[in-house]
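Heads up, the thing below is written out as structure tokens.
The values are calculated or read from the model by the stated rules, or taken from the named source; none is laboratory data. If you're wondering where the values come from, they're calculated on a predicted model, not measured in any experiment. Reconstructed Cβ throughout: ideal geometry from the backbone, glycine too, with neighbour counts over all protein chains shown.
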Amino acid sequence: MPDESQRIPIDEAAHEVALTARRMALLHIAYARTLVNEFGPERGTELIVKAIRAYGMRIGEEVRDAVQAQGLEPTPENYGKGSARQLPSFGMHAGVEHVETEAGPRLRAYGCMMGKTWNEIGESELGRLYCLVDPAKFIAYDGVHTFPHLKTIPDGDEFCEFCIREATDAELRAFQTDDPAWVKADRSEPE
């Protein structure tokens, strides 16, 4: 147990996490911009999407393993429970809330530090590709569901909004075969 001299206020801890989130956003843009500059917009974007898929798979598999280690099934309700939680509870966003809408339950994240960074440096479009990690991690987690964005800060919205839906067979096939068409899993309604 740390003594008092080793404790910091939560707002200071949140600031430290926000600095890390900003660095992650800048790192993503450095790699993404390099790929686009080296290989052109089409091939560069393909490579970015491929890398984000691999990243999302690692996260989803890690979360699934942690959920199962707790004796739980990898269901949407159990995603991130207990030791399976993957993001800091402060600093990455200004706040998160669960809301009920006419279309169903939604998760809203306000003040995404990464999205704000991309918007500030004029790299919203390339930054937005990072957001594909969310549907990728969910597909890798249970092989059934996706976690698409309905709104995002990089797209100019005031918050990021997500829903959970079943992925289509075409989306799952594309994801399993590393076909770039898997990005369609980031749509609120399947095509």
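Does Ser188 satisfy the condition of being among the hydroxyl-bearing types (Ser, Thr, Tyr) and modelled with pLDDT under 95? Quick ask: steps written out before the conclusion?
Working: among the hydroxyl-bearing types (Ser, Thr, Tyr): yes; modelled with pLDDT under 95: yes.
Answer is yes for this residue.
Listed here are the residues, each with its yes/no results for (1) in a helix (DSSP H, G or I); (2) loosely packed, with under 15 Cβ neighbours inside 10 Å.
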| position | (1), (2) |
| --- | --- |
| Val99 | no, yes |
| Arg106 | no, no |
| Trp118 | yes, no |
| Arg128 | yes, no |
| Pro135 | yes, no |
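Yes/no matrix, rows are residues, columns are (1) among the aromatic types (Phe, Trp, Tyr); (2) out of contact with any Leu (no Cβ under 8 Å at 6 or more places or on another chain):
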position: Gly122; (1), (2): no, yes
position: Glu125; (1), (2): no, yes
position: Tyr130; (1), (2): yes, yes
position: Pro135; (1), (2): no, yes
position: Thr146; (1), (2): no, yes
position: Pro180; (1), (2): no, yes
position: Asp186; (1), (2): no, no
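Does the range 142-189 hold any residues that are small (Gly, Ala, Ser), closer than 17 Å to Leu129 by Cβ and assigned to a loop (DSSP other than H, G, I, E, B), and which are they? Gly156 - this is the single residue of the range 142-189 that is small (Gly, Ala, Ser), closer than 17 Å to Leu129 by Cβ and assigned to a loop (DSSP other than H, G, I, E, B).
The residue that is nearest to the chain's Cα centre (by Cα), counting only those in the range 84-134 that are under 25 Å from His145 (Cα atoms) and of a type in the set (Phe, Trp, Tyr), is Tyr130.
Checking the conditions here, which among Lys151, Lys116, Lys184, Lys137 is closer than 24 Å to Arg43 by Cβ and of a type in the set (D, E, K, R)? Let's see the steps before the verdict.
Details: Lys151 fails: closer than 24 Å to Arg43 by Cβ; Lys116 fails: closer than 24 Å to Arg43 by Cβ; Lys137 fails: closer than 24 Å to Arg43 by Cβ.
Criteria check complete, one pass: Lys184.
A residue that is farther than 15 Å from Phe159 by Cβ and among the aromatic types (Phe, Trp, Tyr) occurs nowhere in the range 95-111.
If you scan the range 148-191, which residues turn out to be small (Gly, Ala, Ser), surrounded by fewer than 17 Cβ atoms within 10 Å (Cβ to Cβ) and in contact (Cβ under 8 Å) with a residue 24 or more places away in the chain?
Of everything in the range 148-191, those that are small (Gly, Ala, Ser), surrounded by fewer than 17 Cβ atoms within 10 Å (Cβ to Cβ) and in contact (Cβ under 8 Å) with a residue 24 or more places away in the chain turn out to be Gly156, Ser188.
Any chance you could count how many residues in the range 1-22 are basic (Lys, Arg) and surrounded by 13 or more Cβ atoms within 10 Å (Cβ to Cβ)? Within the range 1-22, residues that are basic (Lys, Arg) and surrounded by 13 or more Cβ atoms within 10 Å (Cβ to Cβ) number 1.
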